[in-house]
Number of protein chains: 2
Amino acid sequence: MRIGGIEAGGTKFVCAVSENDSQNIIDKVSFPTGDPEETLDEVKDFFKKHQIEAVGVASFGPVDLNKKSKTYGSFLNTPKEKWKDYPLLDQLKTLFDIPVFLDTDVNAACLAEYKYGAGKGADTCLYITVGTGLGAGLVQNGEIYQGKNHSEMGHVIIKKHHDDPFNGCCPYHGSCIEGMASGLAIEKRYGKKGIELTENNRVWEIEAYYLAQAIMNYYVVLIPEKVILGGGVLKQEKLYPLIRSYFTKEMNGYLDVGSVDELIVAPELNDEQGVIGAMELIGRSLS
Amino acid sequence: MRIGGIEAGGTKFVCAVSENDSQNIIDKVSFPTGDPEETLDEVKDFFKKHQIEAVGVASFGPVDLNKKSKTYGSFLNTPKEKWKDYPLLDQLKTLFDIPVFLDTDVNAACLAEYKYGAGKGADTCLYITVGTGLGAGLVQNGEIYQGKNHSEMGHVIIKKHHDDPFNGCCPYHGSCIEGMASGLAIEKRYGKKGIELTENNRVWEIEAYYLAQAIMNYYVVLIPEKVILGGGVLKQEKLYPLIRSYFTKEMNGYLDVGSVDELIVAPELNDEQGVIGAMELIGRSLS
């Protein structure tokens, strides 16, 4: 059985076809995200070479995942103007005429890491991605957590670092975690991208301080067995020990978290967690 | 069928017997929480009058609810010295020789409000209690949320009010939500109990400011359909409109929360949500 996966990111789309097992990718393509129509044309072009029986979509957000809602499967209030209100699921169903399954990119990535990656064996698994934006998804006993709608988790409240004059870049909250610790926040604060600031230790101390606080907020609410931290900003591998250290300091002995080295970990699926997770949405929904 | 419910609170125990339906309470007693042995003797005395077939226990925390754990059903690191490490579930099983079901008081209260009270009809229901301490529980599609262990949610990070010199009373984190907004925090900050401060508007402005932030943290992670706010501190009914107003301000248009008056509400089970919820644990587990 051939299945398709689409990681519909805000910056790029990744499309893949797998044979029998979502990890067994036999063809893959990646292209920049353009307008909805031109982007879906590229998606169609790629998949027409393959006879796929179902397709899973891991989309950037916010997207309406409330099945009770009239706009289920459509984008909500995204800053990407042309995608705002775009009925992604309906359009894909029209395009494919096979079953289409949709969730968010972060939720799908969490599902893939839970099944095959760093979250293997954990009953409750949180996946946090820190790229241009910041978001998290939770999988518990094989199911993606969803409240009234999918949660992005990117806007929790944190305390400001005493040595950080930046007031945050979140258009809603200013200094929430996305406003203070996303890739965009780093760029706006320092006038340079994270990758150009690799040698500046202060940057990563502050970044770790904020991410540790977000993890504490998630932890005390969700008590996950694994916290998987991925995304472009986490390519700065020195962040992991710093975050673990700040997290331990912030928690200050409240709750037995076990080994923090085993709790807060890097993803293991080599940037394919999104597209593999997209295909895993099929398995979940068909079973 | 007669069933028993025990709300094992840190201050008082409530025991009740119901006939067929958990809400149909035919006998009830309440007494202060003493040492474990004397308290359990009182529990035993009450129930020996009734032939109950199962008992549910809604306990103060933290209690180990990880079924994989060797100390499952025992208290963890509670400030109530004599209850620390006390094997509550094992002792109750010895006492009763009938099925015993255990969860936290907040989780049980959430379950009761979800089934019969303010959370009726909501798929995802959060119950927050603000008494001496502060905690929250989540019920989703009839199931109590639990990660690796039960989450108390009482220690999320919040921003300090510009006009509040108090540094918080949480022994672990100082100024987390429990440290800033619990009944104990009010008492430590002002040297008086909340009930003596009813007329002081500034007290409740600050209290609402903090609780709104905690709700925002819970909301963006869990996206509940209902947020039920109970506990002794919320007897100050003026808090509800203040909290709703600060919550709306903090969220600042991020996410469509619907009507905030319908989202953030008071409990409806007249302080019996704990003991009714305790009995509901039986139904859940036997079914």
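Report, ordered by chain and residue number, the lysines lying within cross-link reach of A:K44, taken as a straight Cα distance under 18 Å and ignoring same-chain residues fewer than 8 apart.
Answer for A:K44, where 18 Å is the Cα cut-off: A:K12, A:K28, A:K93, listed by chain and number.
With only Lys, Arg, Asp and Glu charged, each at its Cβ (+1 for the first two, -1 for the last two), find how big the charge dipole of the protein assembly as shown is about the Cα centre; round to the nearest 20 debye. Please report the intermediate quantities before stating the final value.
On the way: 58 positive and 80 negative charges, 122 e Å.
The dipole magnitude comes to about 580 debye.
Based on DSSP, what percent of beta bridges with both residues in chain A are antiparallel, to the nearest 5?
60
In the stretch A:1-46, carbon and sulfur make up what percent of the accessible area (probe 1.4 Å)?
In the stretch A:1-46, the share of accessible area belonging to carbon and sulfur is 43 percent.
For the stretch A:205-275 and the stretch B:202-225, compute the distance between their C-alpha centroids and round to whole Å.
Value for the Cα centre distance between the two parts: 24 Å.
Farthest toward the dipole's positive end in the stretch A:118-265, which of A:N217, A:S175, A:L229, given Cβ charges of +1 (Lys, Arg) and -1 (Asp, Glu) about the Cα centre?
Result: A:S175.
Please list log₁₀ I(q)/I(0) at q = 0.16, 0.19 Å⁻¹ for the stretch B:137-280, using the Debye equation with identical point scatterers on the alpha-carbon positions.
-0.94, -1.31
Out of the trypsin sites (Lys or Arg not before Pro) in the stretch A:238-287, which ones are loop residues according to DSSP with at most 14 other C-beta atoms within 10 Å?
Answer in residue order: A:K238.
So for chain B, taking the charge dipole from beta-carbon charges (+1 Lys/Arg, -1 Asp/Glu), which of B:I6, B:N252, B:T39 sits furthest toward the positive end?
B:N252
Can you give me the orientation-averaged projected area of the convex hull built on the Cα atoms of chain A, in nm²? Walk me through the numbers on the way to the answer.
On the way: hull surface 58.5 nm².
Mean orientational projected area (chain A, Cα hull): 14.6 nm².
How large is the dipole of chain B about the Cα centre if only Lys and Arg carry +1 and Asp and Glu carry -1, each at its Cβ, rounded to the nearest 20 debye?
Values: 29 positive and 40 negative charges, 109 e Å.
So the dipole magnitude of chain B works out to roughly 520 debye.
When a/c reaches 1.5 or more, the comparison of a/b and b/c decides; with that in mind, is the stretch B:159-217 rounded, prolate or oblate per its Cα gyration tensor?
Oblate, because a/c is 1.5 or more while a/b does not exceed b/c.
Taking a quarter of the surface of the Cα convex hull of the stretch B:1-42, what do you get in nm²?
Numbers: hull surface 11.5 nm².
Mean projected area for the stretch B:1-42: 2.9 nm², to one decimal.
With a 10 Å radius around each residue's Cβ, average the other Cβ atoms per peptide and rank B:168-178, B:71-81, B:262-272, highest first.
B:168-178, B:262-272, B:71-81
Spin-label point model (7 Å from Cα, Cβ direction): what's the A:E196 to A:V29 distance in nm?
With each label point 7 Å from Cα toward Cβ, the separation is 3.3 nm.
So if the hydrodynamic radius of the protein assembly as shown is defined as the Kirkwood radius over C-alpha pairs, what does Stokes-Einstein give as its diffusion coefficient at 4 °C and 1.567 mPa s, in µm² per second? Show your work: numbers first, answer last.
Numbers: Rh = 24.8 Å.
Reported coefficient: 52 µm²/s.
Please compute, for peptide A:167-175, the average count of beta-carbon atoms on other protein chains lying within 10 Å of each residue's beta-carbon.
Partner Cβ neighbours, averaged per residue: 2.
What average count of beta carbons from other chains do you get within 10 Å of the Cβ of residues in A:151-163?
The mean count of partner-chain Cβ atoms within 10 Å per residue comes to 5.
With a Förster radius of 51 Å, plug the Cβ-Cβ distance of B:K44 and B:D164 into 1/(1 + (r/R0)^6) and report the FRET value to the nearest 0.05.
For B:K44 and B:D164, the calculated efficiency is 0.65.
At a threshold of 8 angstrom on Cα-Cα distance, excluding pairs fewer than six apart, so keeping six or more, what relative contact order does the stretch A:1-141 reach in percent?
The normalised contact order for the stretch A:1-141 reaches 19 percent.
Tally Lys/Arg at +1 and Asp/Glu at -1 over every other residue whose Cβ is under 15 Å from the Cβ of B:F47; what's the total?
Values: positive: B:R2, B:K28, B:K44, B:K48, B:K49, B:K93; negative: B:E7, B:E19, B:D27, B:D41, B:E42, B:D45, B:E53, B:D97.
With Lys, Arg at +1 and Asp, Glu at -1, the neighbours total -2.
Positive end of the charge dipole of chain B (Lys, Arg +1 and Asp, Glu -1 on Cβ, about the Cα centre): tell me which of B:G121, B:N66, B:A16 has its Cα farthest that way.
Final value for the positive-end residue is B:N66.
Calculate the spin-label point distance for A:N270 paired with B:K82, positioning each point 7 Å from the Cα along the beta-carbon direction, and give it in nanometres.
6.2
Between B and A, buried accessible area summed over both sides at probe 1.4 Å, in Å² to the nearest 100? Could you put the intermediate results ahead of the total?
Working: alone 13590 and 13550 Å², together 23740 Å².
Interface area, both chains combined: 3400 Å², rounded to the nearest 100.
The values are calculated or read from the model by the stated rules, or taken from the named source; none is laboratory data. Keep in mind that this is a model prediction, so the values were computed, not measured. Glycine also receives a Cβ, built like all others from the backbone with ideal geometry; neighbour counts cover every protein chain displayed. Heads up: the accessible areas ignore ligands, DNA and RNA and are worked out on the full protein's heavy atoms, side chains in. Shrake-Rupley method; radii C 1.70, N 1.55, O 1.52, S 1.80 Å.
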